[in-house]
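To keep things clear, I will list the structure first and then write my remarks on it.
Just so it is clear, none of the values below were taken in a lab; they were calculated from the coordinates. All of these numbers come straight from a predicted model, not from anything done at the bench. Here Cβ is always computed from backbone atoms with ideal geometry, including for glycine, and neighbour counts include all displayed protein chains.
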Amino acid sequence: MKFVSVDAWPSEARVDYRPELEAGNVLFFPTTPFVFSEESQSFLRGLDFAGGAIHKNIAYRPASDRVTGTEANDSQAERLRGIMRDYSRVVVAFASRLLPEYAAHWKLDYASFRPLEEEGRDLPLNKRNDLIHTDAFPSRPTNGDLILRIFTNVHPSKTRNWVVTDPFLVLAEKYARAAGLDEIAAASASAGGKLWNQSARLLKTMGLPVVPRSGYDRFMLRFHEYLKRNTDFQEHCAKYRFNFPPGSTWLTFTDVVPHSVLSGQHALEQTFIIAHRSLATPENAPISVLERLCGKLLVERNRQQQRVA
Ligand SMILES: [Fe+2]
């Protein structure tokens, strides 16, 4: 894998960065390629978490223009919402220029602010960021689409320090079976599995808090945890380290690129769900890799078409 540095943006000639990203590389902008004011950055860095009105995980939902992770209902909360909205908008505008083929079909997910120092956090294993993992969202199944995340380091002096390893394609060949791919594929192809999924979708349309998950999404959640629990993998896998400097921006498919964050504080992030059909090399996508490995469909094809419609 590579860290691909983009030193001149916008560039004269259009470059299609999709193959680089889909192969499991990280696209790195030493200078953040959009405007996000120093005033907004210092407001975020100065947020006061004492008292519990503002939580340590701040998420902005662009579709509803809402911030979660704050119970404050005052001018500070309103300003926070405005800043997260601005960040989300400038990132989306930048990404639309950088990756127009994705923009034509993507689904805008949440933006977040990560205010805490990552080093030394006391978290349960499944939430630890310092263990190498691929991302999967328990509450938002992708049905085979990909998770693209754009990060910005807004700390005034500290780097954000990542370790990544070989892409999903390599890890899946080694570990997908041990992580339970064949059992999950068989269960989701069974009559009982299909019936459960249909029922879950029906319950969801009735407003019940049920998350209908394809076999693909069940596997990706399992794989996230499998990698974190596999101490041999954590110790011995190939490691590529990169320290993202203050003021830099980077993007990668976090379900294709296994990653961990060792240290760093004050990062912003915007997530996009990228439609499988807009990929330049769909054969590299985790869904394609896994279906080749197990010889079964992990997402019902009619669901996949609805998903990207
Ligand atoms: Fe992650």
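Before moving on, here are some points about what is shown:
- Sequentially through region 155-167, phi angles give Karplus couplings (6.51, -1.76, 1.60; θ = phi - 60°) of 6, x, 9, 8, 6, 9, 9, 10, 10, 10, 10, 4, x Hz, Gly and Pro residues having no value and appearing as x.
- Least to most buried among Trp9, Trp106 (fewest other Cβ within 10 Å first): Trp9, Trp106
- Amide H contacts for Ile58 (H built 1.01 Å from N in the peptide plane; partners 5 or more residues away or on another chain; cut-off under 5 Å): Phe113.
- 5 angstrom amide H check on His155, placed H, neighbours 5+ away: Gly247
- Helix 215-229 vs. the chain, principal-axis angle (Cα, 0 to 90°, nearest 10): 60
- For the pair Asp86 and Ser199, the difference between a 0.36 nm per residue extended length and the Cα-Cα distance amounts to 36.8 nm.
- Positive-end extreme of charge dipole, region 3-308 - chosen from Cys294, Tyr175, Gln270 (charges on Cβ): Cys294
- With Cα atoms, 0 to 90° folded angle of helix 191-205 axis to the chain main axis: 40
- A simple spin-label model places the labels of Val170 and Phe49 3.3 nm from each other, with each point 7 Å out along Cα-to-Cβ.
- Partner aspartates and glutamates for Lys2 [C-alpha distance under 14 Å; skip if fewer than 8 residues away on the same chain]: Glu20, Glu22, Asp166
- Calculated mean residue ellipticity, 222 nm, the chain: -10500 deg cm²/dmol, from DSSP H runs (n ≥ 4) at -39500 (n - 2.57) each, averaged per residue and rounded to 500.
- Simple point charges give the picture: +1 on the Cβ of Lys and Arg, -1 on the Cβ of Asp and Glu, and for the chain a dipole about the Cα centre of about 800 debye.
- Most simply put, region 3-308 has about 95% antiparallel DSSP beta bridges, counting only bridges with both residues inside it.
- Distance between the modelled labels on Lys127 and Asp65, one decimal in nanometres: 3.1 nm (7 Å Cα→Cβ projection).
- By average C-beta atoms within 10 angstrom, highest first, the peptides 292-298, 35-41, 204-210: 292-298, 35-41, 204-210
- The peptide list 125-138, 157-170, put in order of mean Cβ contacts within 10 Å with the highest first, becomes 157-170, 125-138.
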